[in-house]
Amino acid sequence: MNISPKQLRLFLALSESLNFSKTAEQLFISQPSLSKAIQELEEELGLTLFERTTRSVRLTPSGARMAVVARSVLGEFEAGLKRFQSSAEREAAQLSIAAWPSLAHVVLPAVCAALERQTSTPQITLHDCANSACLQRLLNHQADFALASVAPSHPDLQYEELLRDRFVLLAGGKWRKQVRPQMRLDELLALPLITLTDASTAMRYMSAAYLQRGIEYRPKMQVDQVATVAGLVKKEVGVAVLPYLGVMPILGMAGIQTCEIVDGPLRSVGIVTRRLGHPSAVAQTAMDLVRSVSAELMGKYPGWLLPPSSRKR
């Protein structure tokens, strides 16, 4: 049955006034439009709702029963709209961001702190996970946007590069004597290298860099967490090869030397969003803050964090 809330509102207004011209005037429509709407409603229901004479308009028994039903239906409809609006308002105040852990650690605390200052306190969920998991959460609408590396090839996603991240080598204890402030990729092969697992973008970038030289990248150890890498370096198990953003949380460790890999790869860092739809106001504010924090980091660490090669992909 094809009956709209507008038709029911017109019917109820007429059932109370029982005057076509008065009702049309109150509702700011023409009388022919009102008459046509009532006629279409009667045809759709298969009922005569009003008895019309040249002098009066009266509800039929069917019309009187229909008025009771219409009030109930419109009441439920209005209540449902209010519930939906309330739900939409709550959803608009929620923010979900997916980011790989090192970026979540370095960038997102400042973003969240600024959001607390600038907006009414949103409900924030941070998913710190691997790059592929970040993109999957975005595709599944479990995140408003993602902070990731490597421009995704998925047709439903778009990538805005924010900066490029240089790779560094960390050495401690006895291994500090084996390294110099500037190292080359070929020289690293003689060292016991520690890096993240194959699921990380760090491993992918380094593997690709060596593959271009016809060399298979085979580090001594691979682990999931940067904190584990730090512990291994501190115990002199080996030397770590990671992007600068990844090692920032452990740069303050005593006795650790940071070396530049002069011919190492540059890891792209950016914001990933869905091509369709529009971000909420709080998500847009958060992305603007991510851009601002990224620019501040480039200004603070110009030797390690470089400007983007392009803005969007």
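The values are calculated or read from the model by the stated rules, or taken from the named source; none is laboratory data. It should be emphasised that the depicted structure is a prediction, and the values quoted were computed from it without experimental measurement. Please note: Cβ atoms are built from the backbone with ideal geometry, for glycine as well, and neighbour counts cover all protein chains shown. These accessible areas exclude ligands, DNA and RNA; they are computed on the full protein's heavy atoms, side chains included. Shrake-Rupley method; radii C 1.70, N 1.55, O 1.52, S 1.80 Å.
Amide H to amide H distances under 5 Å link Gln94 with Gln123, where only residues 5 or more positions off or on other chains count and H is placed in the peptide plane.
For region 100-163, dividing the convex hull volume of the Cα atoms by the residue count gives 100 Å³ per residue. Under a 5 Å amide H cut-off, with hydrogens placed 1.01 Å from N, Asp263 pairs with Leu185 among residues at least 5 apart or on other chains.
Phi angles across region 56-63 convert, under the Karplus curve 6.51 cos²θ - 1.76 cosθ + 1.60 with θ = phi - 60°, into 3J(HN,Hα) values of 8, 10, 10, 6, 7, x, 5, x Hz, Gly and Pro given as x. Checking every one of the GluC sites (Glu not before Pro) in region 136-237 against DSSP loop status and a limit of 16 other Cβ atoms within 10 Å picks out Glu216, Glu236. Per-residue Karplus couplings for region 264-276, computed as 6.51 cos²θ - 1.76 cosθ + 1.60 with θ equal to phi - 60°, are listed in order as x, x, 10, 8, 7, 10, x, 9, 10, 10, 7, 5, 8 Hz, Gly and Pro entered as x.
When the P(r) of region 20-170 is calculated, the portion above 24 Å amounts to 60% of the C-alpha pairs.
Can you pull a Stokes-Einstein diffusion coefficient for the chain at 37 °C (0.692 mPa s), Rh from Kirkwood over Cα pairs, as a whole number of µm²/s? In µm²/s, the coefficient is 135.
Measuring nothing but protein heavy atoms, the accessible surface of the chain at 1.4 Å probe radius is 52 percent carbon and sulfur.
A straight chain from Arg9 to Ser72 at 0.36 nm per residue would run longer than the Cα-Cα distance by 21.5 nm. Based on protein heavy atoms only, region 151-191 ends up with 50 Å² per residue of surface accessible to a 1.4 Å probe. The alpha-carbon atoms of region 266-312, seen along their principal axes, cover 37, 18, 12 angstrom, with the largest extent given first. For the chain, the dipole from Cβ point charges (+1 on Lys and Arg, -1 on Asp and Glu) about the Cα centre works out to 580 debye, to the nearest 20.
Could you work out the local net charge near Leu126, counting Lys and Arg as +1, Asp and Glu as -1, over the other residues with Cβ closer than 15 Å to its Cβ? Counting the neighbours of Leu126, the net charge comes to -2.
Annotation: amide H-H contacts under 5 Å for His127 (H modelled 1.01 Å from N, sequence separation of 5 or more, or interchain): Ile97, Ala98, Ala99.
Arg180 contributes about 110 Å² of solvent-accessible surface, heavy atoms of the protein only, 1.4 Å probe. Modelled this way, with points 7 Å down the Cα-to-C-beta line, the labels at Ala113 and Tyr301 are 1.6 nm from one another. Dipole check for region 1-153: with +1 at the C-beta of Lys and Arg, -1 at the C-beta of Asp and Glu, and the Cα centre as origin, the magnitude is about 420 Debye.
Restricting the trypsin sites (Lys or Arg not before Pro) of region 98-185 to loop positions (DSSP other than H, G, I, E, B) with no more than 14 neighbouring Cβ atoms within 10 Å leaves Arg184.
The spread of Cα positions in region 232-313, taken along each principal axis and listed from longest to shortest, comes to 50, 26, 23 Å. Karplus-based coupling profile of region 146-155, in residue order and whole Hz: 10, 9, 8, 10, 6, 4, x, 8, 5, x, with θ = phi - 60° in 6.51 cos²θ - 1.76 cosθ + 1.60 and x standing for Gly or Pro.
Building the convex hull from the alpha-carbon atoms of region 158-313 and averaging its projection over directions returns 10.1 nm². Using the Cβ-Cβ distance between Asn140 and Asp288 with R0 = 22 Å, the FRET efficiency computed as 1/(1 + (r/R0)^6) comes to roughly 0.35. For region 232-293 versus region 209-224, the spacing of their alpha-carbon centroids is 20 Å.
Sites listed here are trypsin sites (Lys or Arg not before Pro) in region 192-233 whose DSSP assignment is loop and whose Cβ has at most 13 other Cβ atoms within 10 Å: Arg213, Lys220.
With all protein chains kept in place, the per residue accessible area of region 193-313 amounts to 48 square angstrom at a probe of 1.4 angstrom.
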